[in-house]
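Comments concern the structure below.
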Amino acid sequence: MSNLWSDDWDEGEDWSGGGGKSKRLPRGPGLGATVYELGPGNFLVYHFHHGMEEMLFVLRGRPTLRTPDGDRQLQEGEVVYFPNGPAGAHGMRNDTDEPVRYLMTSNATPGALVSEYPDLKQITAQAPTGSQTGEQLWLIHDVEES
């Protein structure tokens, strides 16, 4: 059982790219959700997914959202949808002096998840299953500049 408002956070990986906290909520085979908190000055790396949609719910604070249309500050209670592919690219930062808490939901993808990080010039492939290396699949491809 999880609570959106508790300050109990998961240990481990920081998916924010900027020192954020997270807690995975109960999930099923086709739907997932995670609560994140970004302290002042922290950020979510600009990225998009292939084959996975996401939806953002601002629970607390006023994060600044970056999309292909530019930057804008979000309000508490605001909801934003991100389609898969480049049109759904998004990143977020906390330019305020207070923590920002938000909920991200997504549809689960079978097999590997492919994501792109335009600012980092990287493409990643991830899968929950083991690969031929015996480890969980996690590949990072650095895109060469032309």
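Show the residue pairs that are 6+ apart or on different chains and have beta-carbon atoms under 7 Å apart, the first residue being within segment 79-97 and of a type in the set (V, I, T), the second being part of a loop (DSSP other than H, G, I, E, B) and modelled with pLDDT under 95.
Cβ pairs passing all conditions: T96/P40.
Tell me, yes or no, whether segment 118-134 has at least one residue that is touching a residue at least 40 places away in the same chain (Cβ under 8 Å) and surrounded by 14 or more Cβ atoms within 10 Å (Cβ to Cβ). Quick ask: steps written out before the conclusion?
Filtering segment 118-134 down to residues touching a residue at least 40 places away in the same chain (Cβ under 8 Å) leaves 118-120.
Filter once more, so that each one left must be surrounded by 14 or more Cβ atoms within 10 Å (Cβ to Cβ): 118, 120.
The answer is yes, given that some residue of segment 118-134 is touching a residue at least 40 places away in the same chain (Cβ under 8 Å) and surrounded by 14 or more Cβ atoms within 10 Å (Cβ to Cβ).
What number of residues within segment 55-90 satisfy the criterion of being in contact with a His (Cβ under 6 Å, 6 or more places away or on another chain) and either in a loop (DSSP other than H, G, I, E, B) or of a type outside the set (S, T, N, Q) (or both)?
Here is the first cut: in segment 55-90, the ones in contact with a His (Cβ under 6 Å, 6 or more places away or on another chain) are 67, 82, 84.
Then drop every residue that is not either in a loop (DSSP other than H, G, I, E, B) or of a type outside the set (S, T, N, Q) (or both), which leaves 82, 84.
Within segment 55-90, residues that are in contact with a His (Cβ under 6 Å, 6 or more places away or on another chain) and either in a loop (DSSP other than H, G, I, E, B) or of a type outside the set (S, T, N, Q) (or both) number 2.
Report, by residue number, each residue of segment 26-54 that is at pLDDT below 90, assigned to a loop (DSSP other than H, G, I, E, B) and surrounded by 13 or more Cβ atoms within 10 Å (Cβ to Cβ).
R27, G51, M52
Taking the condition touching a residue at least 60 places away in the same chain (Cβ under 8 Å) and either part of a strand (DSSP E or B) or within 12 Å of the chain's Cα centre (by Cα) (or both), does Y102 pass? Please lay out each step first, then the result.
Details: touching a residue at least 60 places away in the same chain (Cβ under 8 Å): yes; either part of a strand (DSSP E or B) or within 12 Å of the chain's Cα centre (by Cα) (or both): yes.
Judged against the criteria, Y102 is a match.
The values are calculated or read from the model by the stated rules, or taken from the named source; none is laboratory data. Just so it is clear, the model here is predicted, and its values are computed rather than measured. Quick reminder, even Gly has a Cβ in these numbers, built from the backbone with ideal geometry, and neighbours come from all protein chains shown.
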